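In what follows, a structure is listed as structure tokens, so that the remarks can point back to it.
The values are calculated or read from the model by the stated rules, or taken from the named source; none is laboratory data. What you see is a predicted model; the values in this text were computed from it and never measured. All Cβ positions, glycine included, derive from the backbone under ideal geometry; neighbour counts span all protein chains shown. These accessible areas exclude ligands, DNA and RNA; they are computed on the full protein's heavy atoms, side chains included. Shrake-Rupley method; radii C 1.70, N 1.55, O 1.52, S 1.80 Å.
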Amino acid sequence: MCGIVGYTGVDAAAELLVAGLKRLEYRGYDSAGLALVEAPCAAGAADAAGAADARDGRAALDIIRCAGKVAGLEDELATPGRCTVARLATCGIGHTRWATHGRPTVENAHPHVSCDGRIAVVHNGIIENFAELRASLEERGHVFKSETDTEVFAHLIEEAYQGAPNSAGGPAKTAGDLMAAVREACTHVVGAYGLAAVCADEPGVIAVARKDSPIVVGRGERGSYVASDVITLIDATRDVVVLEDGQFARLSPEGITYTDAQGRAIEPAVTHVDWDVDTAEKGGYPDFMMKEICEQPRVVRDTLVGRLASSGELDIDELGLTPEELSLVDRVYVIACGTSYHAGLIAKNLIEGWARIPCAVEAASEFRYRNPIITPSTLVVAVSQSGETADTLAAIRDARIKGAKVFGITNVVGSPVARESDGVIYTKANKEIAVASTKSFTGQVVSLTLLALLLAQTKGKLTTGQIRMLFRELGDTAEQIQHILDTQRAAVHEAALACREARSALFVGRGMGSAISCEGALKLKEVSYLHAEAYAAGEMKHGPIALIERGFPVIAVATKSPTYDKTVSNLKECEARGACIIAVATEGDEEITRVADHVIYVPPVRDALSPITATVPLQLLAREVAVLRGCDVDQPRNLAKSVTVE
Ligand code: F6R
């Protein structure tokens, strides 16, 4: 949550930073800001707007902030007479915020500035001991201007920069050295941070720190860059350093140097990024959500590449478990949040159905506060698109302490989930920009299907021939998704019109259909702000059916499955009470038209693989309803793409 950018080099920084922040808006968009380090100018000179310059030949910081989205910064920068000098600055940092401490106001927008106005910081993360730090800083005379936890960093760095004794009470070695002052400030802070700081007394320098919050730095032809996501760097460089916890970087126009917490020089590994730039752009689609829904056939194909050896055996060598360890697994927990949790619900059916291993799916935020039964033969599967969800990470750590092997499924190479797990499958979805997960979900379900097949193979529950056949059918879902995208858009539109004015909707299904319904309901509520709830179809008569009145939308996953007839019976009960029924059904199913007002068809596919295809119409439906209701589908209110707070 929250996005950080920084640039120092030969070009004007403001525009670069704003463009970078726009790519990071998926991380939060409550407020935004820039700190630009203006070059020193002669004492008594006037700025381009004619105002007398009071900088006495020293560089100055210009802070530009707005409540709301990054576009507000462009308005500020374009205001006549405003920012005339700042716009020429070649060094600066920027931030787009998802509010944690303090409301989304201009005062709480980053950057935050030291008392003397010479140091500015942007921060992503949470400072857990901020209340005590703030109290002691205030006792020492610091004046706070915001309600944020981040502001303590500005004051701590200021103290160190001015030469206060270090945290151990010893003499300061940080006076006049921004990088050293940032390292010192970090020793006081408990919590998570990705941090960038600038100082008007060291124009051109950006000091960067990382603990439990992603930071990437890179060197391009025209300067040095930092961001919380590589997506902002790929125009400038493909070779980046993903900082590890406890590593620091000092950026200048000439280059980047790295140190550890003690200030010793280090040489971190360089990662080459091969995403195409188009991933970061809409590529002709009206929004990222639509683009990402349409990318799902590719995601299926890419996630499967190289997974089936010519012997017919599955090949997941990144698993981090030997075949012997794998064969001993007698219990699986899938831990995840939100959409990733729903992928887990699907995995439970597959792991129990194929491998006959008991599998529980738990919200990571609950798992870590229980005392789950974990033994050395327990496999914990952590699913996280971003790879940085705080609750999922905490649950991973907990599970490992308790002796479980942890296997991560994530979309982000080098993310904390990948690094902290014993093994990992990457979902190959490429960067997902829309806040609502679509293609990542599909990548997760495909990866979890592979894992279930692997467990079944290891346990000898499926033959090589069966695995080969299922693998082929899994691959076929790519074309089946494409077919849905090509043929069902009009049907989705008609169904969306029926939901447009609704206040609430129910999603129902049985078995796999029930798990798919959960994802359909989440998608609809998050992008269209229409209340939606998922219910196992057979449970309707135990309470929720009381909600049904004329026109109430009931969205049913009614694809051909062993429980199809039962689902249809449940739909008839809803129909009899006036519900407007929208069914996702299997091509060729005429019977469904007798009960459903709208039908969206998907190709026939075995029940175990149905989530990969049947979720797609529900993603399209959620988006279409959101568009009809005038919602911002890519950036729904109150949400952020990666949730790095608990
Ligand atoms: C919904 C959505 C969220 C995420 C959840 C977990 O569309 O995207 O529910 O699934 O915040 O995020 P990750 O998978 O990054 O751990």
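Of everything in the stretch 438-450 that's hydroxyl-bearing (Ser, Thr, Tyr) and under 15 Å from residue 415 (Cβ atoms), which residue is surrounded by the fewest Cβ atoms within 10 Å (Cβ to Cβ)?
Restricting to residues being hydroxyl-bearing (Ser, Thr, Tyr) and under 15 Å from residue 415 (Cβ atoms), the top hit is 447.
Can you pull out the residues in the stretch 519-530 that are open to solvent by 10 Å² or more (accessible area, probe 1.4 Å) and away from the ligand (no atom under 11 Å from the Cβ)?
If the condition is that a residue be open to solvent by 10 Å² or more (accessible area, probe 1.4 Å) and away from the ligand (no atom under 11 Å from the Cβ), then 529 is the only one that fits.
Report yes if residue 328 is open to solvent by 50 Å² or more (accessible area, probe 1.4 Å), among the hydrophobic types (A, V, I, L, M, F, W, C) and more than 30 Å from residue 639 (Cα to Cα), otherwise no.
yes
Checking the structure you have, find out if any residue of the stretch 427-435 is of a type in the set (D, E, K, R), within 13 Å of the ligand (Cβ to nearest atom) and in a helix (DSSP H, G or I).
Checking the stretch 427-435: not a single residue is of a type in the set (D, E, K, R), within 13 Å of the ligand (Cβ to nearest atom) and in a helix (DSSP H, G or I).
Take the residues in the stretch 78-94 that are open to solvent by less than 20 Å² (accessible area, probe 1.4 Å) and not in a loop (DSSP other than H, G, I, E, B), then tell me which one is modelled with the lowest pLDDT.
86
Looking for whichever is among the small types (Gly, Ala, Ser), more than 11 Å from the ligand (Cβ to nearest atom) and modelled with pLDDT of 90 or more here; the options are 387, 353, 338. Which one fits?
Every option except 353 fails the conditions.
Looking for something at pLDDT below 90 and open to solvent by 50 Å² or more (accessible area, probe 1.4 Å) - is there at least one such residue anywhere in the stretch 221-237?
yes
Looking for something at pLDDT below 95, more than 16 Å from the ligand (Cβ to nearest atom) and open to solvent by 20 Å² or more (accessible area, probe 1.4 Å) - is there at least one such residue anywhere in the stretch 405-421?
yes
Being crowded, with 24+ Cβ neighbours inside 10 Å, among the charged types (D, E, K, R) and either at negative phi or modelled with pLDDT of 95 or more (or both) narrows it down to one of 118, 97, so name that one.
97
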